[in-house]
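S.K.: Take this structure first; my questions come after.
The values are calculated or read from the model by the stated rules, or taken from the named source; none is laboratory data. Only a predicted model underlies this, so the values are computations on that prediction, with no experimental measurement involved. Heads up, the Cβs are rebuilt from the backbone with ideal geometry, glycines too, and the neighbour counts pull from every protein chain shown.
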Amino acid sequence: MKLEIDTDKGEIVVDGSFPVDLWSDQGFKLLSDLWVKAGWNQKHVYTFTWFGIPIIQLPEDMIRYQEVVCALKPDVIIETGIAHGGSLVFSASLCKMLGKGRVIGIDVDIRAHNRARLEKHPLIDLITMVEGSSTDPAIVEKVKAEIRPGETVMVVLDSDHSYAHVTAELEAYAPLVTPGSYIVSTDGVMRNLTDVPRGQPHWGDENPAQAAIDFVSGDPTYVIEQPAWAFNESTLLDPVTHWPDAWIKRVR
Ligand SMILES: C[S@@+](CC[C@H](N)C(=O)[O-])C[C@H]1O[C@@H](n2cnc3c(N)ncnc32)[C@H](O)[C@@H]1O
(Lines give C-alpha, C1' and ligand atoms only; values in the text may rest on other atoms or scores of the structure.)
Protein backbone atom coordinates (compact mmCIF):
# COMPACT_ATOMS: atom_id res chain seq x y z
CA MET A 1 0.00 0.00 0.00
CA LYS A 2 1.23 3.50 -0.84
CA LEU A 3 0.37 6.13 1.78
CA GLU A 4 1.20 9.76 1.01
CA ILE A 5 0.88 11.86 4.16
CA ASP A 6 0.73 15.63 3.74
CA THR A 7 0.57 17.36 7.13
CA ASP A 8 0.41 20.82 5.47
CA LYS A 9 -2.69 19.91 3.46
CA GLY A 10 -4.04 17.63 6.24
CA GLU A 11 -4.48 14.73 3.83
CA ILE A 12 -3.53 11.11 3.34
CA VAL A 13 -3.64 9.73 -0.18
CA VAL A 14 -3.95 5.94 -0.37
CA ASP A 15 -2.67 4.27 -3.54
CA GLY A 16 -3.12 7.47 -5.53
CA SER A 17 -6.86 7.57 -4.81
CA PHE A 18 -9.07 10.31 -3.22
CA PRO A 19 -7.45 12.07 -0.27
CA VAL A 20 -8.60 11.12 3.23
CA ASP A 21 -8.78 13.84 5.90
CA LEU A 22 -5.67 13.29 8.02
CA TRP A 23 -7.45 14.67 11.09
CA SER A 24 -10.45 12.31 10.87
CA ASP A 25 -11.28 8.89 12.36
CA GLN A 26 -10.49 7.39 8.96
CA GLY A 27 -7.14 9.18 8.90
CA PHE A 28 -6.37 7.98 12.41
CA LYS A 29 -7.26 4.39 11.41
CA LEU A 30 -4.86 4.47 8.46
CA LEU A 31 -2.08 5.84 10.66
CA SER A 32 -2.75 3.58 13.64
CA ASP A 33 -2.96 0.42 11.50
CA LEU A 34 0.45 1.29 10.09
CA TRP A 35 1.76 2.24 13.53
CA VAL A 36 0.66 -1.19 14.88
CA LYS A 37 2.52 -2.96 12.08
CA ALA A 38 5.67 -0.85 12.49
CA GLY A 39 5.53 -1.24 16.28
CA TRP A 40 5.10 -5.00 16.03
CA ASN A 41 8.12 -5.20 13.72
CA GLN A 42 10.21 -3.13 16.16
CA LYS A 43 9.09 -5.31 19.14
CA HIS A 44 7.36 -2.37 20.84
CA VAL A 45 5.41 -4.80 23.06
CA TYR A 46 8.70 -6.16 24.37
CA THR A 47 9.37 -2.93 26.28
CA PHE A 48 6.89 -3.00 29.17
CA THR A 49 6.65 -4.39 32.68
CA TRP A 50 3.77 -4.70 35.11
CA PHE A 51 4.65 -4.57 38.82
CA GLY A 52 8.23 -5.42 37.92
CA ILE A 53 7.52 -8.32 35.53
CA PRO A 54 7.89 -8.12 31.72
CA ILE A 55 4.47 -8.17 30.04
CA ILE A 56 4.37 -8.83 26.30
CA GLN A 57 1.22 -6.92 25.39
CA LEU A 58 0.14 -3.69 23.76
CA PRO A 59 -0.89 -1.35 26.62
CA GLU A 60 -4.20 -0.44 24.91
CA ASP A 61 -5.15 -4.13 24.86
CA MET A 62 -4.44 -4.38 28.59
CA ILE A 63 -6.56 -1.32 29.36
CA ARG A 64 -9.45 -2.78 27.32
CA TYR A 65 -8.93 -6.16 29.01
CA GLN A 66 -9.01 -4.44 32.41
CA GLU A 67 -12.35 -2.82 31.51
CA VAL A 68 -13.86 -6.23 30.80
CA VAL A 69 -12.44 -7.86 33.93
CA CYS A 70 -13.71 -4.98 36.09
CA ALA A 71 -17.20 -5.29 34.58
CA LEU A 72 -17.32 -9.09 34.69
CA LYS A 73 -15.51 -9.69 38.01
CA PRO A 74 -14.67 -13.31 37.16
CA ASP A 75 -13.91 -15.85 39.87
CA VAL A 76 -11.28 -17.51 37.71
CA ILE A 77 -9.11 -16.19 34.85
CA ILE A 78 -7.33 -18.91 32.88
CA GLU A 79 -4.36 -17.76 30.80
CA THR A 80 -2.37 -19.90 28.39
CA GLY A 81 1.17 -18.60 27.80
CA ILE A 82 2.93 -17.29 30.91
CA ALA A 83 6.39 -16.32 29.55
CA HIS A 84 7.85 -13.97 32.20
CA GLY A 85 4.46 -13.79 33.93
CA GLY A 86 3.54 -10.14 33.35
CA SER A 87 0.03 -10.79 32.08
CA LEU A 88 -0.57 -13.28 34.90
CA VAL A 89 0.45 -10.66 37.48
CA PHE A 90 -1.62 -8.03 35.63
CA SER A 91 -4.72 -10.22 35.99
CA ALA A 92 -3.87 -11.07 39.59
CA SER A 93 -3.52 -7.38 40.43
CA LEU A 94 -6.99 -6.73 38.99
CA CYS A 95 -8.35 -9.58 41.15
CA LYS A 96 -6.59 -8.09 44.18
CA MET A 97 -8.11 -4.65 43.56
CA LEU A 98 -11.55 -6.14 42.89
CA GLY A 99 -11.28 -8.22 46.06
CA LYS A 100 -12.39 -11.21 44.00
CA GLY A 101 -10.91 -13.77 41.64
CA ARG A 102 -7.75 -15.75 41.01
CA VAL A 103 -5.62 -16.67 38.02
CA ILE A 104 -4.48 -19.99 36.55
CA GLY A 105 -1.54 -19.77 34.13
CA ILE A 106 -0.42 -22.56 31.83
CA ASP A 107 2.90 -22.73 29.99
CA VAL A 108 4.74 -25.56 28.28
CA ASP A 109 8.02 -24.21 29.64
CA ILE A 110 8.04 -22.21 32.86
CA ARG A 111 11.67 -21.11 33.09
CA ALA A 112 13.17 -21.60 36.56
CA HIS A 113 14.06 -17.90 37.00
CA ASN A 114 10.57 -16.81 35.92
CA ARG A 115 8.94 -19.30 38.30
CA ALA A 116 11.22 -18.23 41.15
CA ARG A 117 10.43 -14.53 40.61
CA LEU A 118 6.69 -15.21 40.44
CA GLU A 119 6.82 -17.39 43.55
CA LYS A 120 8.31 -14.44 45.46
CA HIS A 121 5.75 -11.97 44.08
CA PRO A 122 3.31 -10.42 46.62
CA LEU A 123 0.36 -11.59 44.49
CA ILE A 124 1.44 -15.24 44.28
CA ASP A 125 -1.44 -16.32 46.54
CA LEU A 126 -3.81 -15.42 43.69
CA ILE A 127 -1.80 -17.33 41.07
CA THR A 128 -1.65 -21.03 40.18
CA MET A 129 0.93 -22.10 37.61
CA VAL A 130 0.50 -25.30 35.58
CA GLU A 131 3.37 -26.56 33.46
CA GLY A 132 2.62 -28.49 30.25
CA SER A 133 1.09 -27.97 26.84
CA SER A 134 -2.22 -26.14 27.09
CA THR A 135 -3.83 -28.65 24.73
CA ASP A 136 -2.60 -31.77 26.53
CA PRO A 137 -5.82 -33.43 27.83
CA ALA A 138 -4.14 -34.10 31.21
CA ILE A 139 -3.33 -30.38 31.57
CA VAL A 140 -6.87 -29.38 30.59
CA GLU A 141 -8.19 -31.78 33.26
CA LYS A 142 -5.81 -30.27 35.83
CA VAL A 143 -7.13 -26.80 35.04
CA LYS A 144 -10.76 -27.97 35.15
CA ALA A 145 -10.13 -29.45 38.60
CA GLU A 146 -9.20 -25.96 39.87
CA ILE A 147 -12.64 -24.55 39.02
CA ARG A 148 -15.41 -24.86 41.59
CA PRO A 149 -19.09 -25.31 40.64
CA GLY A 150 -20.87 -22.00 39.95
CA GLU A 151 -17.71 -19.97 39.38
CA THR A 152 -17.54 -17.35 36.63
CA VAL A 153 -14.68 -18.16 34.25
CA MET A 154 -12.82 -16.08 31.67
CA VAL A 155 -10.01 -17.38 29.42
CA VAL A 156 -7.13 -15.66 27.60
CA LEU A 157 -5.22 -17.63 24.95
CA ASP A 158 -1.66 -16.36 24.46
CA SER A 159 0.54 -19.40 23.91
CA ASP A 160 1.39 -20.98 20.54
CA HIS A 161 -0.41 -18.76 18.00
CA SER A 162 -0.55 -21.30 15.16
CA TYR A 163 -4.03 -21.83 13.71
CA ALA A 164 -4.07 -25.51 14.72
CA HIS A 165 -3.01 -24.86 18.31
CA VAL A 166 -5.42 -21.97 18.89
CA THR A 167 -8.24 -24.06 17.39
CA ALA A 168 -7.39 -26.90 19.78
CA GLU A 169 -7.26 -24.44 22.71
CA LEU A 170 -10.64 -22.98 21.76
CA GLU A 171 -12.14 -26.48 21.68
CA ALA A 172 -10.61 -27.37 25.06
CA TYR A 173 -11.21 -24.14 27.02
CA ALA A 174 -14.30 -22.45 25.50
CA PRO A 175 -16.62 -24.92 27.27
CA LEU A 176 -15.16 -23.73 30.61
CA VAL A 177 -16.21 -20.12 29.91
CA THR A 178 -19.46 -19.16 31.62
CA PRO A 179 -22.33 -17.51 29.69
CA GLY A 180 -21.75 -13.75 29.38
CA SER A 181 -18.00 -14.22 29.75
CA TYR A 182 -15.24 -14.35 27.12
CA ILE A 183 -12.43 -16.41 25.72
CA VAL A 184 -9.86 -14.07 24.16
CA SER A 185 -7.88 -15.34 21.18
CA THR A 186 -5.00 -12.86 21.27
CA ASP A 187 -2.54 -11.72 18.61
CA GLY A 188 -4.74 -11.99 15.51
CA VAL A 189 -2.70 -8.98 14.36
CA MET A 190 -0.56 -11.65 12.69
CA ARG A 191 -3.02 -11.64 9.77
CA ASN A 192 -1.92 -8.07 8.92
CA LEU A 193 1.81 -8.78 9.19
CA THR A 194 2.44 -10.73 6.00
CA ASP A 195 4.32 -7.82 4.43
CA VAL A 196 6.50 -6.64 7.33
CA PRO A 197 10.12 -7.84 7.65
CA ARG A 198 9.52 -9.99 10.78
CA GLY A 199 6.17 -11.35 9.52
CA GLN A 200 5.40 -14.54 7.58
CA PRO A 201 3.41 -14.87 4.32
CA HIS A 202 1.27 -17.77 5.64
CA TRP A 203 -0.01 -15.68 8.60
CA GLY A 204 -2.63 -14.15 6.29
CA ASP A 205 -4.66 -17.37 6.59
CA GLU A 206 -3.15 -18.98 9.68
CA ASN A 207 -3.60 -16.78 12.72
CA PRO A 208 -5.57 -16.67 15.99
CA ALA A 209 -8.23 -14.32 14.56
CA GLN A 210 -9.03 -16.79 11.77
CA ALA A 211 -9.15 -19.61 14.34
CA ALA A 212 -11.67 -17.55 16.37
CA ILE A 213 -13.80 -16.74 13.28
CA ASP A 214 -13.90 -20.38 12.20
CA PHE A 215 -14.58 -21.57 15.76
CA VAL A 216 -17.68 -19.39 16.27
CA SER A 217 -18.97 -20.08 12.75
CA GLY A 218 -19.43 -23.71 13.74
CA ASP A 219 -21.06 -23.09 17.13
CA PRO A 220 -23.95 -20.70 17.97
CA THR A 221 -22.96 -20.85 21.65
CA TYR A 222 -20.27 -18.26 20.89
CA VAL A 223 -20.04 -14.97 18.98
CA ILE A 224 -17.15 -12.64 18.25
CA GLU A 225 -18.04 -9.39 19.96
CA GLN A 226 -15.72 -6.53 20.83
CA PRO A 227 -16.83 -5.52 24.37
CA ALA A 228 -18.35 -2.03 24.47
CA TRP A 229 -15.91 0.61 25.74
CA ALA A 230 -16.75 1.76 29.25
CA PHE A 231 -15.94 5.38 28.36
CA ASN A 232 -15.80 7.11 25.00
CA GLU A 233 -15.99 10.87 24.50
CA SER A 234 -14.57 10.52 20.98
CA THR A 235 -16.13 9.42 17.69
CA LEU A 236 -13.63 6.55 17.47
CA LEU A 237 -15.01 3.01 17.43
CA ASP A 238 -12.04 0.85 16.44
CA PRO A 239 -9.44 -0.27 18.98
CA VAL A 240 -5.72 0.13 18.29
CA THR A 241 -4.95 -3.49 18.95
CA HIS A 242 -2.96 -6.66 18.51
CA TRP A 243 -6.20 -8.55 19.20
CA PRO A 244 -8.58 -8.12 16.20
CA ASP A 245 -11.55 -10.54 16.21
CA ALA A 246 -10.23 -11.83 19.52
CA TRP A 247 -13.14 -11.41 21.92
CA ILE A 248 -15.34 -14.51 21.79
CA LYS A 249 -18.39 -14.19 24.02
CA ARG A 250 -20.31 -17.17 25.26
CA VAL A 251 -23.93 -16.18 24.69
CA ARG A 252 -25.78 -19.22 26.02
C1 LIG B 1 3.66 -14.64 23.92
S2 LIG B 1 4.30 -15.56 25.25
C3 LIG B 1 3.13 -15.21 26.53
C4 LIG B 1 3.18 -13.80 27.00
C5 LIG B 1 2.44 -13.49 28.27
N6 LIG B 1 1.04 -13.89 28.21
C7 LIG B 1 2.50 -12.01 28.54
O8 LIG B 1 1.56 -11.29 28.22
O9 LIG B 1 3.53 -11.55 29.03
C10 LIG B 1 3.93 -17.19 24.76
C11 LIG B 1 4.22 -18.29 25.77
O12 LIG B 1 3.50 -19.44 25.34
C13 LIG B 1 4.23 -20.59 25.71
N14 LIG B 1 3.78 -21.72 24.90
C15 LIG B 1 4.15 -22.05 23.64
N16 LIG B 1 3.53 -23.18 23.27
C17 LIG B 1 2.75 -23.57 24.30
C18 LIG B 1 1.87 -24.66 24.52
N19 LIG B 1 1.71 -25.62 23.61
N20 LIG B 1 1.22 -24.73 25.71
C21 LIG B 1 1.42 -23.78 26.65
N22 LIG B 1 2.25 -22.75 26.51
C23 LIG B 1 2.90 -22.63 25.34
C24 LIG B 1 5.68 -20.19 25.52
O25 LIG B 1 6.51 -21.01 26.32
C26 LIG B 1 5.67 -18.72 25.91
O27 LIG B 1 6.09 -18.57 27.25
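S.K.: Restricting the first residue to the stretch 137-159 and requiring it to be touching a residue at least 40 places away in the same chain (Cβ under 8 Å), which pairs with a second residue that is within 12 Å of the ligand (Cβ to nearest atom) and in a loop (DSSP other than H, G, I, E, B) meet a Cβ separation below 6 Å and a spacing of at least six or different chains?
M.R.: That search, which allows pairs on different chains as well, returns D158/G81; D158/T186; S159/G81; S159/S134.
S.K.: Would you mind listing the strands (runs of 3 or more DSSP E) fully within the stretch 19-113 where at least 3 residues are in contact (Cβ under 8 Å) with a residue 60 or more places away in the chain?
M.R.: Result: 76-80.
S.K.: Just give me the residues in the stretch 147-157 being part of a loop (DSSP other than H, G, I, E, B) and either within 11 Å of I77 (Cα to Cα) or of a type in the set (V, I, T) (or both), in sequence order.
M.R.: Scanning the stretch 147-157 gives I147, E151, T152.
S.K.: Let me ask something else about it. Out of everything in the stretch 175-221 that is in contact with a Leu (Cβ under 7 Å, 6 or more places away or on another chain) and in a loop (DSSP other than H, G, I, E, B), what residue ends up being nearest to R148 (Cα to Cα)?
M.R.: Looking at residues that are in contact with a Leu (Cβ under 7 Å, 6 or more places away or on another chain) and in a loop (DSSP other than H, G, I, E, B), I get S181.
S.K.: Something else: Go over the candidates A212, A164, A172 one by one and state the one that is of a type in the set (A, V, I, L, M) and surrounded by fewer than 14 Cβ atoms within 10 Å (Cβ to Cβ).
M.R.: A164
S.K.: On to the next question. Take the conditions under 21 Å from R64 (Cα atoms) and either hydrophobic (A, V, I, L, M, F, W, C) or within 16 Å of the ligand (Cβ to nearest atom) (or both) and apply them to S185. Does it pass?
M.R.: Yes, satisfied.
S.K.: Continuing with the same structure: Pull up the stretch 129-146, narrow it to residues that are buried (at least 18 other Cβ atoms within 10 Å of the Cβ) and assigned to a strand (DSSP E or B), then point me to the one that is farthest from the ligand (Cβ to nearest atom).
M.R.: Per the criteria, the residue is M129.
S.K.: With the structure loaded, tell me whether D109 is of a type in the set (D, E), in the same structural domain as A138 (by TED's automatic domain parsing) and within 9 Å of the ligand (Cβ to nearest atom) or whether it fails that test.
M.R.: Spelling it out, D109 is indeed of a type in the set (D, E), in the same structural domain as A138 (by TED's automatic domain parsing) and within 9 Å of the ligand (Cβ to nearest atom).
S.K.: Please indicate, with yes or no, whether at least one residue in the stretch 223-245 is more than 28 Å from F28 (Cα to Cα), in the same structural domain as G81 (by TED's automatic domain parsing) and not in a loop (DSSP other than H, G, I, E, B).
M.R.: No, that holds for no residue.
S.K.: Report yes if I77 is in contact with a Ser or Thr (Cβ under 7 Å, 6 or more places away or on another chain), assigned by TED's automatic domain parsing to the domain that holds D187 and either β-branched (V, I, T) or away from the ligand (no atom under 14 Å from the Cβ) (or both), otherwise no.
M.R.: yes
S.K.: Can you pull out the residues in the stretch 114-125 that are within 16 Å of the ligand (Cβ to nearest atom), under 24 Å from the mean Cα position of the chain (by Cα) and in a helix (DSSP H, G or I)?
M.R.: Residues satisfying the conditions are N114, R115, R117, L118.
S.K.: Let me ask something else. Can you find, within the stretch 1-56, the residue that is surrounded by the fewest Cβ atoms within 10 Å (Cβ to Cβ) among those that are over 27 Å from N232 (Cα atoms) and of a type in the set (D, E)?
M.R.: Only one residue fits best here, namely D8.
S.K.: Restricting to the stretch 102-128, name every residue that is buried (at least 17 other Cβ atoms within 10 Å of the Cβ), touching a helix residue (DSSP H, G or I) at 6+ places or on another chain (Cβ under 7 Å) and among the hydrophobic types (A, V, I, L, M, F, W, C).
M.R.: V103, I104, I106, L118, L123, L126, I127
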